[in-house]
1. Provide Rg over Rh for region 38-78; use the alpha carbon set for both Rg and the Kirkwood Rh (inverse mean inverse pair distance).
2. Please give the per residue accessible area of region 135-186, computed with a probe of 1.4 Å over protein heavy atoms only, in Å².
3. Which values of log₁₀ I(q)/I(0), to two decimal places, follow from the Debye formula for the chain at q = 0.10, 0.13 Å⁻¹ with a uniform point scatterer at every Cα?
4. Assuming 1.306 mPa s and 10 °C, estimate D for region 40-165 with Stokes-Einstein, Rh taken as the Kirkwood radius over Cα pairs, in µm²/s.
5. Leaving out ligands, DNA and RNA, what percent of the accessible area of the chain is carbon and sulfur, probe 1.4 Å?
6. Can you list, largest first and rounded to whole Å, the semi-axes you get for region 141-278 by taking the square root of 5 times each eigenvalue of its Cα gyration tensor?
7. Provide the packing ranking of 81-92, 146-157, 252-263, 33-44, i.e. peptides ordered by the mean count of other C-beta atoms within 10 Å per residue, highest first.
8. Which value, in Å², gives the accessible area per residue of region 31-133 when a 1.4 Å probe is used on the protein heavy atoms?
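The values are calculated or read from the model by the stated rules, or taken from the named source; none is laboratory data. If you're wondering where the values come from, they're calculated on a predicted model, not measured in any experiment. Cβ atoms come from the backbone with ideal geometry, glycine included; neighbour counts cover every protein chain shown. Keep in mind that these areas ignore ligands, DNA and RNA; they rest on the heavy atoms of the full protein, side chains included. Shrake-Rupley method; radii C 1.70, N 1.55, O 1.52, S 1.80 Å.
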Amino acid sequence: MRRFVRRPWRLAAEATALLVAVVVAFPLYWMVLGAFKPAGEIESDRPRPWTLTPTLDSFRRVFGQQEFGRYFVNSVVVAVAVVIASALIAFLAATAVTRFRFRMRTTLLIMFLVAQMVPVEALTIPLFFLMRDLGQLNTLWSLILPHIAFSLPFAIWMLRGFVKAVPEALEEAAYIDGASRARFLWQILFPLVLPGLVATSVFSFISTWNDFLFAKSFIISDISQSTLPMALLVFYKPDEPDWGGVMAASTVMTIPVLVFFVLVQRRLVSGLGGAVKD
(Lines give C-alpha, C1' and ligand atoms only; values in the text may rest on other atoms or scores of the structure.)
Protein backbone atom coordinates (compact mmCIF):
# COMPACT_ATOMS: atom_id res chain seq x y z
CA MET A 1 0.00 0.00 0.00
CA ARG A 2 2.83 2.34 0.82
CA ARG A 3 4.33 1.78 -2.62
CA PHE A 4 1.07 2.86 -4.33
CA VAL A 5 0.88 5.99 -2.16
CA ARG A 6 4.32 7.08 -3.32
CA ARG A 7 3.74 6.21 -6.96
CA PRO A 8 1.88 9.40 -7.98
CA TRP A 9 4.65 11.54 -6.50
CA ARG A 10 7.23 9.49 -8.34
CA LEU A 11 5.35 9.85 -11.61
CA ALA A 12 5.07 13.59 -11.07
CA ALA A 13 8.80 13.84 -10.41
CA GLU A 14 9.63 11.81 -13.51
CA ALA A 15 7.28 13.90 -15.65
CA THR A 16 8.83 17.10 -14.32
CA ALA A 17 12.32 15.79 -15.03
CA LEU A 18 11.28 14.82 -18.56
CA LEU A 19 9.76 18.24 -19.16
CA VAL A 20 12.91 19.97 -17.95
CA ALA A 21 15.02 17.72 -20.19
CA VAL A 22 12.89 18.60 -23.21
CA VAL A 23 13.12 22.33 -22.48
CA VAL A 24 16.91 22.09 -22.13
CA ALA A 25 17.40 19.89 -25.21
CA PHE A 26 15.08 21.80 -27.56
CA PRO A 27 17.52 24.68 -28.29
CA LEU A 28 20.19 22.11 -29.16
CA TYR A 29 17.74 20.32 -31.43
CA TRP A 30 16.77 23.59 -33.10
CA MET A 31 20.44 24.46 -33.63
CA VAL A 32 21.23 21.13 -35.30
CA LEU A 33 18.01 21.31 -37.33
CA GLY A 34 18.89 24.81 -38.55
CA ALA A 35 22.32 23.57 -39.60
CA PHE A 36 20.73 20.99 -41.95
CA LYS A 37 17.85 23.13 -43.24
CA PRO A 38 18.09 24.75 -46.67
CA ALA A 39 18.21 28.55 -46.73
CA GLY A 40 14.60 28.85 -47.89
CA GLU A 41 13.22 26.99 -44.89
CA ILE A 42 15.40 28.91 -42.41
CA GLU A 43 14.16 32.27 -43.72
CA SER A 44 10.53 31.12 -43.97
CA ASP A 45 7.85 33.02 -42.05
CA ARG A 46 6.41 29.67 -40.93
CA PRO A 47 9.21 27.74 -39.26
CA ARG A 48 8.70 24.02 -38.82
CA PRO A 49 10.38 21.75 -36.25
CA TRP A 50 11.48 19.37 -39.01
CA THR A 51 12.81 19.35 -42.56
CA LEU A 52 12.14 17.00 -45.43
CA THR A 53 15.05 18.24 -47.52
CA PRO A 54 18.19 18.20 -45.34
CA THR A 55 21.33 19.65 -46.86
CA LEU A 56 25.00 20.04 -45.99
CA ASP A 57 25.40 23.42 -47.69
CA SER A 58 25.78 25.25 -44.37
CA PHE A 59 28.56 22.91 -43.27
CA ARG A 60 30.30 23.36 -46.62
CA ARG A 61 30.31 27.13 -46.11
CA VAL A 62 31.67 26.69 -42.59
CA PHE A 63 34.53 24.38 -43.55
CA GLY A 64 35.14 26.45 -46.65
CA GLN A 65 36.20 29.39 -44.50
CA GLN A 66 39.94 29.80 -44.82
CA GLU A 67 40.60 30.53 -41.14
CA PHE A 68 38.10 28.10 -39.58
CA GLY A 69 40.69 25.38 -39.02
CA ARG A 70 43.05 27.86 -37.37
CA TYR A 71 40.24 29.07 -35.10
CA PHE A 72 39.56 25.48 -34.07
CA VAL A 73 43.22 24.79 -33.26
CA ASN A 74 43.45 28.03 -31.26
CA SER A 75 40.38 27.07 -29.22
CA VAL A 76 41.86 23.63 -28.49
CA VAL A 77 45.20 25.13 -27.43
CA VAL A 78 43.57 27.68 -25.12
CA ALA A 79 41.12 25.20 -23.57
CA VAL A 80 43.72 22.47 -22.98
CA ALA A 81 46.22 24.95 -21.50
CA VAL A 82 43.60 26.38 -19.13
CA VAL A 83 42.34 22.95 -18.04
CA ILE A 84 45.81 21.55 -17.31
CA ALA A 85 47.21 24.67 -15.64
CA SER A 86 44.14 25.41 -13.53
CA ALA A 87 43.84 21.76 -12.43
CA LEU A 88 47.47 21.53 -11.29
CA ILE A 89 47.50 24.92 -9.56
CA ALA A 90 44.14 24.28 -7.89
CA PHE A 91 45.29 20.86 -6.66
CA LEU A 92 48.41 22.28 -5.06
CA ALA A 93 46.57 25.28 -3.59
CA ALA A 94 43.73 23.12 -2.22
CA THR A 95 46.28 20.84 -0.60
CA ALA A 96 48.06 23.81 0.95
CA VAL A 97 44.96 25.42 2.46
CA THR A 98 43.69 22.05 3.74
CA ARG A 99 46.81 20.32 5.06
CA PHE A 100 48.81 23.28 6.36
CA ARG A 101 48.10 25.84 9.04
CA PHE A 102 49.28 29.37 8.36
CA ARG A 103 48.24 32.93 9.08
CA MET A 104 45.29 34.39 7.16
CA ARG A 105 44.29 30.97 5.86
CA THR A 106 40.61 31.63 6.54
CA THR A 107 40.90 35.09 4.96
CA LEU A 108 42.35 33.50 1.85
CA LEU A 109 39.45 31.06 1.60
CA ILE A 110 36.97 33.92 1.95
CA MET A 111 38.78 35.78 -0.82
CA PHE A 112 38.23 32.77 -3.09
CA LEU A 113 34.48 33.05 -2.48
CA VAL A 114 34.48 36.81 -3.01
CA ALA A 115 36.33 36.36 -6.30
CA GLN A 116 33.47 34.18 -7.51
CA MET A 117 30.99 36.99 -6.88
CA VAL A 118 32.74 39.56 -9.10
CA PRO A 119 31.15 39.60 -12.59
CA VAL A 120 33.51 38.98 -15.48
CA GLU A 121 32.19 42.01 -17.35
CA ALA A 122 33.31 44.33 -14.53
CA LEU A 123 36.91 43.15 -14.89
CA THR A 124 37.16 43.08 -18.68
CA ILE A 125 38.39 46.67 -19.06
CA PRO A 126 41.01 46.41 -16.25
CA LEU A 127 42.18 43.12 -17.77
CA PHE A 128 42.43 44.77 -21.17
CA PHE A 129 44.82 47.40 -19.83
CA LEU A 130 46.75 44.72 -17.93
CA MET A 131 47.19 42.62 -21.07
CA ARG A 132 48.21 45.75 -22.98
CA ASP A 133 50.85 46.65 -20.40
CA LEU A 134 52.16 43.07 -20.47
CA GLY A 135 52.30 43.18 -24.27
CA GLN A 136 49.99 40.17 -24.61
CA LEU A 137 47.15 41.66 -26.66
CA ASN A 138 46.47 39.76 -29.90
CA THR A 139 48.07 36.61 -28.44
CA LEU A 140 46.60 33.43 -27.04
CA TRP A 141 48.14 34.27 -23.67
CA SER A 142 45.62 37.10 -23.32
CA LEU A 143 42.93 34.40 -23.29
CA ILE A 144 44.76 31.71 -21.32
CA LEU A 145 45.86 33.81 -18.34
CA PRO A 146 42.46 35.41 -17.52
CA HIS A 147 40.64 32.10 -17.83
CA ILE A 148 43.11 30.41 -15.49
CA ALA A 149 42.57 33.22 -12.98
CA PHE A 150 38.77 32.94 -13.17
CA SER A 151 38.81 29.12 -12.98
CA LEU A 152 41.02 28.86 -9.90
CA PRO A 153 38.70 30.14 -7.10
CA PHE A 154 35.93 27.64 -7.89
CA ALA A 155 38.40 24.81 -8.50
CA ILE A 156 40.31 25.42 -5.26
CA TRP A 157 37.16 25.65 -3.17
CA MET A 158 35.74 22.47 -4.68
CA LEU A 159 38.98 20.46 -4.45
CA ARG A 160 39.40 21.53 -0.84
CA GLY A 161 36.58 19.17 0.11
CA PHE A 162 38.18 16.23 -1.71
CA VAL A 163 41.57 16.80 -0.10
CA LYS A 164 39.94 17.17 3.31
CA ALA A 165 38.12 13.86 2.85
CA VAL A 166 41.42 11.98 2.62
CA PRO A 167 42.26 10.81 6.18
CA GLU A 168 45.39 12.27 7.71
CA ALA A 169 46.14 8.77 9.00
CA LEU A 170 46.75 7.73 5.39
CA GLU A 171 49.34 10.47 5.03
CA GLU A 172 51.03 9.48 8.28
CA ALA A 173 51.12 5.84 7.21
CA ALA A 174 52.75 6.83 3.93
CA TYR A 175 55.44 8.77 5.76
CA ILE A 176 56.07 5.84 8.10
CA ASP A 177 56.55 3.59 5.06
CA GLY A 178 59.25 5.95 3.81
CA ALA A 179 57.29 8.02 1.28
CA SER A 180 58.37 11.59 0.78
CA ARG A 181 55.93 14.48 0.75
CA ALA A 182 56.18 14.73 -3.03
CA ARG A 183 55.52 11.01 -3.46
CA PHE A 184 52.48 11.14 -1.19
CA LEU A 185 51.23 14.19 -3.06
CA TRP A 186 51.43 12.78 -6.59
CA GLN A 187 51.17 9.01 -6.13
CA ILE A 188 48.61 8.78 -3.32
CA LEU A 189 46.68 12.02 -2.89
CA PHE A 190 46.44 12.97 -6.56
CA PRO A 191 44.66 9.73 -7.68
CA LEU A 192 42.23 10.01 -4.76
CA VAL A 193 41.11 13.54 -5.69
CA LEU A 194 41.14 12.86 -9.45
CA PRO A 195 37.31 12.76 -9.69
CA GLY A 196 37.21 16.26 -8.23
CA LEU A 197 39.86 17.41 -10.69
CA VAL A 198 37.77 16.05 -13.57
CA ALA A 199 34.67 17.86 -12.32
CA THR A 200 36.47 21.19 -12.04
CA SER A 201 38.17 20.63 -15.41
CA VAL A 202 34.79 20.26 -17.10
CA PHE A 203 33.66 23.67 -15.88
CA SER A 204 36.99 25.21 -16.89
CA PHE A 205 36.81 23.64 -20.33
CA ILE A 206 33.25 24.77 -21.03
CA SER A 207 33.78 28.36 -19.89
CA THR A 208 36.99 28.64 -21.91
CA TRP A 209 35.69 26.91 -25.04
CA ASN A 210 32.56 29.05 -25.23
CA ASP A 211 34.24 32.34 -24.33
CA PHE A 212 33.35 35.24 -26.60
CA LEU A 213 33.89 38.27 -24.37
CA PHE A 214 37.64 37.91 -23.87
CA ALA A 215 38.21 36.76 -27.45
CA LYS A 216 36.41 39.83 -28.75
CA SER A 217 38.08 42.23 -26.29
CA PHE A 218 41.70 41.04 -26.35
CA ILE A 219 42.13 39.82 -29.95
CA ILE A 220 41.77 43.10 -31.79
CA SER A 221 43.69 43.05 -35.06
CA ASP A 222 45.41 39.66 -35.47
CA ILE A 223 42.57 37.37 -36.56
CA SER A 224 45.00 34.44 -36.78
CA GLN A 225 44.84 34.34 -32.94
CA SER A 226 41.03 34.22 -32.80
CA THR A 227 39.04 31.29 -31.44
CA LEU A 228 35.93 29.47 -32.63
CA PRO A 229 33.32 31.80 -31.06
CA MET A 230 34.76 34.59 -33.20
CA ALA A 231 34.11 32.47 -36.30
CA LEU A 232 30.40 33.01 -35.78
CA LEU A 233 30.87 36.68 -36.66
CA VAL A 234 31.94 35.65 -40.14
CA PHE A 235 28.44 34.37 -40.81
CA TYR A 236 26.55 37.05 -38.93
CA LYS A 237 26.14 40.21 -40.94
CA PRO A 238 23.69 42.90 -39.78
CA ASP A 239 22.17 43.32 -43.23
CA GLU A 240 22.17 39.69 -44.36
CA PRO A 241 22.94 37.15 -41.61
CA ASP A 242 23.72 33.60 -42.68
CA TRP A 243 21.69 31.76 -40.04
CA GLY A 244 22.47 28.39 -41.60
CA GLY A 245 26.19 29.10 -41.28
CA VAL A 246 25.75 30.28 -37.70
CA MET A 247 23.86 27.12 -36.77
CA ALA A 248 26.36 24.86 -38.55
CA ALA A 249 29.35 26.57 -36.91
CA SER A 250 27.62 26.33 -33.51
CA THR A 251 26.99 22.62 -34.09
CA VAL A 252 30.66 22.05 -34.92
CA MET A 253 31.63 23.96 -31.77
CA THR A 254 29.39 21.72 -29.66
CA ILE A 255 30.92 18.43 -30.84
CA PRO A 256 34.23 18.72 -28.87
CA VAL A 257 32.28 19.54 -25.70
CA LEU A 258 30.12 16.44 -26.14
CA VAL A 259 33.20 14.29 -26.80
CA PHE A 260 34.85 15.67 -23.67
CA PHE A 261 31.75 14.86 -21.62
CA VAL A 262 31.61 11.30 -22.95
CA LEU A 263 35.27 10.73 -22.07
CA VAL A 264 34.97 11.97 -18.49
CA GLN A 265 31.33 11.28 -17.64
CA ARG A 266 32.03 8.50 -15.11
CA ARG A 267 34.58 10.46 -13.14
CA LEU A 268 32.44 13.58 -13.49
CA VAL A 269 29.46 11.91 -11.78
CA SER A 270 31.62 10.57 -8.94
CA GLY A 271 33.31 13.95 -8.61
CA LEU A 272 30.06 15.87 -8.35
CA GLY A 273 28.72 13.25 -5.95
CA GLY A 274 31.76 13.67 -3.74
CA ALA A 275 31.37 17.45 -3.80
CA VAL A 276 27.71 17.23 -2.78
CA LYS A 277 28.51 14.73 -0.03
CA ASP A 278 31.19 17.03 1.35
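1. Numbers: Rg = 14.7 Å, Rh = 12.5 Å.
That ratio equals 1.18.
2. Details: 2690 Å² over 52 residues.
With all protein chains present, region 135-186 gives 52 Å² per residue.
3. -0.72, -1.04
4. Values: Rh = 18.4 Å.
Rounded, D is 86 µm²/s.
5. 68
6. Values: eigenvalues 332, 55, 26 Å².
The three semi-axes for region 141-278 are 41, 17, 11 Å.
7. Details: 81-92: 19.8, 146-157: 21.8, 252-263: 13.6, 33-44: 17.2.
Ranking the peptides 81-92, 146-157, 252-263, 33-44 by packing returns 146-157, 81-92, 33-44, 252-263.
8. Details: 6530 Å² over 103 residues.
On a per-residue basis, 63 Å².
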